[in-house]
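Readers should treat all values here as calculations from the given coordinates under stated rules, not as data from a laboratory. Since the structure is predicted, the reported quantities are computational estimates derived from the model, not experimental observations. Note that each Cβ is placed from the backbone with ideal geometry, even for glycine, and that neighbours are counted across all protein chains shown.
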Amino acid sequence: MNVQIPRGTQDILPEQARLWQWIENKVKEVTKKYRYEEIRTPIFEHTEIFARGVGDTTDIVQKEMYSFQDRGGRDLTLRPEGTASVVRSFVENKMFGYPNQPIKLYYMGPMFRYERPQSGRYRQFVQFGVEALGSADPAIDAEVIALAMDIYKSVGLKNLNLVINSLGDKESRLEHREALINHFKPRIGEFCKDCQSRLEKNPLRILDCKVDRDHELMETAPSILDYLNDDSKEYFAKVQQYLDGLGIEYTVDSTLVRGLDYYNQTTFEIMSSAPGFGAITTLCGGGRYNGLVEEFGGPETPGIGFALSIERLIAAMEAENVQVDFDDQLDFYIVALGDAAKDYSVKLLADLRNNGFTADRDYQDRKMKAQMKSANRLNANYVVIIGEDELEKGEVQVKNMQSGEQEEVKLSEFIDVVKQWFN
Ligand code: ATP
Ligand code: MG
């Protein structure tokens with residue numbers, strides 16, 4: 001039997017899970033302020049959903065999907081990202097007919113990509129993402145970007161770089177596409193196989209190639225910003241105006257692209273600029289996609305969203321050495337000595353828990369000293385000591401672990417008394 005964890009996956013052990021829960025809570029708090037609501041879609045979908053929704057010229061679809069046939073012969077894929085599933089669900093459930101538009105959704109859960117594992121790159125990782133469907137107002141672009149920035153700030157990150165770009169509308173993109181083809185075609189033989197096949201299918205993706213990123217033609221490639229028509233220029237200017245108004249700093253990078261045909265107007269990435277951060281510095285990527293809903297058979301509906309992984313967020317927190325104050329106190333630890341006391345502690349423990357306290361006890365039959373040590377390790381605020389004598393007198397000793405003070409409390413009044421301490 002192979003008892004090792006699969007490559008590119010990780011166990012989140014309790015100590016680390018505390019941090020995860022803390023982050024998840026922060027993320028949800030921020031998201032709630034912006035009134036994005038949670039959607040939960042299946043972990044697997046028909047493969048076609050991703051082939052079409054993510055696009056078959058992308059790395060994800062060409063190389064990274066965990067696809068399989070189920071026993072009924074269906075082609076299924078473990079989701080590599082969230083947008084395609086959300087849009088599938090939006091169309092299937094006719095959310096375009098809901099009264100409150102735009103529909104503002106978020107998701108959080110595991111994604112699966114067959115990648116070469118390295119730091120910040122896993123085969124199973126957790127993405128949080130939002131999608132706002134149904135509005136083409138540049139103010140919602142700014143809202144989505146602000147939300148992403150707020151999430152990073154809420155977990156204490158400071159070294160962030162926001163980079164934005166515009167891909168323009170369909171018309172602008174078509175002209176830019178021609179210019180790109182003319183630019184790369186004469187020397188496309190010097191590029192990787194993927195880029196060669198991208199040239200006609202989706203030349204924009206060449207700009208995003210990780211293999212050929214240092215080729216001299218990359219730098220001289222025609223900039224999309226020179227091809228924006230008036231509408232697209234105005235749209236991009238509005239987004240920037242809103243970001244300025246919100247005091248959100250950014251740089252414009254005309255090489256920031258999203259590969260898919262229906263991505264348009266705003267795209268953005270958030271990078272960590274923390275000195276200790278590894279080679280992969282992108283924390284979050286997002287953009288506007290007008291046309292994806294139609295691709296899935298829905299009515300023309302503009303959309304914008306982003307996705308970030310919790311793993312890279314944690315890596316950034318580590319690089320910035322962010323200290324987190326967890327609430328990891330235990331209200332009560334019961335030290336019971338002798339059989340009768342141990343029997344009694346079963347009931348006392350339940351009473352404490354039923355009254356809203358966190359409480360635990362020894363189950364290893366250890367001596368007093370060892371039990372006190374456990375109480376310390378578990379950050380207990382109070383230790384309740386029950387011995388045979390005390391039990392006979394109908395009382396317990398309660399030790400305040402911070403002050404070291406100890407007092408007797410009548411069992412009949414125990415819950416009422418301790419409740420006052422926590423008031
Ligand atoms: P990259 O260029 O790093 O491969 P990507 O373009 O594939 O990223 P997206 O599909 O835009 O990434 O996903 C959004 C975010 O999800 C990324 O910015 C990153 O934070 C995170 N992410 C993507 N792939 C992984 C992975 N394999 N492991 C951990 N996080 C990931
Ligand atoms: Mg990738």
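Side notes on the structure shown:
- Annotation: aspartates and glutamates with alpha-carbon distance below 15 angstrom to LYS94 (same-chain offsets under eight excluded): GLU294, GLU295, GLU300.
- Of all beta bridges that DSSP places with both ends in segment 330-421, some 50 percent have antiparallel geometry.
- SER254 paired with CYS192, simple spin-label distance in nm, labels 7 Å along Cα-to-beta-carbon: 2.5 nm
- Local net charge near LEU199, Cβ-Cβ under 14 Å (Lys/Arg +1, Asp/Glu -1): +1
- Potential extension, ARG116-ARG7 segment - 0.36 nm per residue separation minus Cα distance: 38.3 nm
- Length released on extending from ILE181 to ASN93, taking residue separation times 0.36 nm less the Cα-Cα span: 27.7 nm
- Among VAL87, VAL257, VAL324, VAL3, sorting on how many other beta-carbon atoms sit within 10 Å of each Cβ, with the fewest leading, yields VAL3, VAL324, VAL257, VAL87.
- Sparsely packed loop sites in segment 337-423 (the GluC sites (Glu not before Pro) outside DSSP H, G, I, E and B with at most 12 other Cβ atoms within 10 Å) comprise GLU405.
- Mean-square fluctuations from a GNM of the chain, with a 10 angstrom spring cutoff on Cα atoms, peak among SER223, SER85, SER272 at SER223.
- The Rg/Rh ratio of segment 363-423, with Rg taken over Cα atoms and Rh as the Kirkwood radius over Cα pairs, comes to 0.97.
- GLN62/ASP328 FRET efficiency (R0 60 Å; Cβ-Cβ; nearest 0.05): 0.85
- In plain terms, the residue of CYS195, CYS284, CYS209 with the fewest other Cβ atoms within 10 Å comes first and the most crowded comes last, giving CYS209, CYS195, CYS284.
- For q = 0.13, 0.18, 0.24, 0.25 Å⁻¹, Debye-computed log10 I/I(0) when each Cα of segment 285-367 counts as one equal scatterer: -0.69, -0.85, -1.09, -1.14
- Normalised convex hull volume, segment 1-122, alpha-carbon set, Å³ per residue: 154 Å³
- Distance from segment 263-284 to segment 1-60 (C-alpha centre basis), Å: 18 Å
- Taking TYR363, TYR344 and counting other C-beta atoms within 10 Å, the order from fewest to most: TYR363, TYR344
- Inter-label distance, ILE43 to ARG353: 2.7 nm, where each label sits 7 Å from its Cα along the C-beta direction.
- Neighbours of LEU256, meaning other residues whose beta-carbon lies under 10 angstrom from its beta-carbon, give a summed charge of -2 when Lys and Arg score +1 and Asp and Glu score -1.
- 25 Å Cα-Cα threshold exceeded, pairs from LYS347/LYS419; LYS28/LYS419; LYS26/LYS347: LYS28/LYS419; LYS26/LYS347
- Per-bin percent of Cα-Cα distances, the chain [20 Å]: 22, 44, 23, 11, 1
- Dipole of segment 330-421 computed with +1 at Lys/Arg Cβ and -1 at Asp/Glu Cβ about the Cα centre; of GLY338, PHE414, MET368, farthest Cα towards the positive end is MET368.
- For the chain, size of Cβ-based charge dipole, Lys and Arg +1, Asp and Glu -1, in debye: 820 debye
- Here's the picture: a label point sits 7 Å out from the Cα of ASN376 along the beta-carbon direction, and within segment 383-401 the residues with their amide nitrogen under 13 Å of it are 401.
- Centroid-to-centroid separation of segment 362-423 and segment 183-229 [C-alpha atoms, Å]: 70 Å
- Once the Cβ-Cβ distance of LYS158 and GLU413 is raised to the sixth power relative to R0 = 51 Å, the FRET efficiency obtained is 0.55.
- Gain on full extension, evaluated as 0.36 nm per residue between LEU217 and ASN321 minus their Cα-Cα distance, stands at 33.5 nm.
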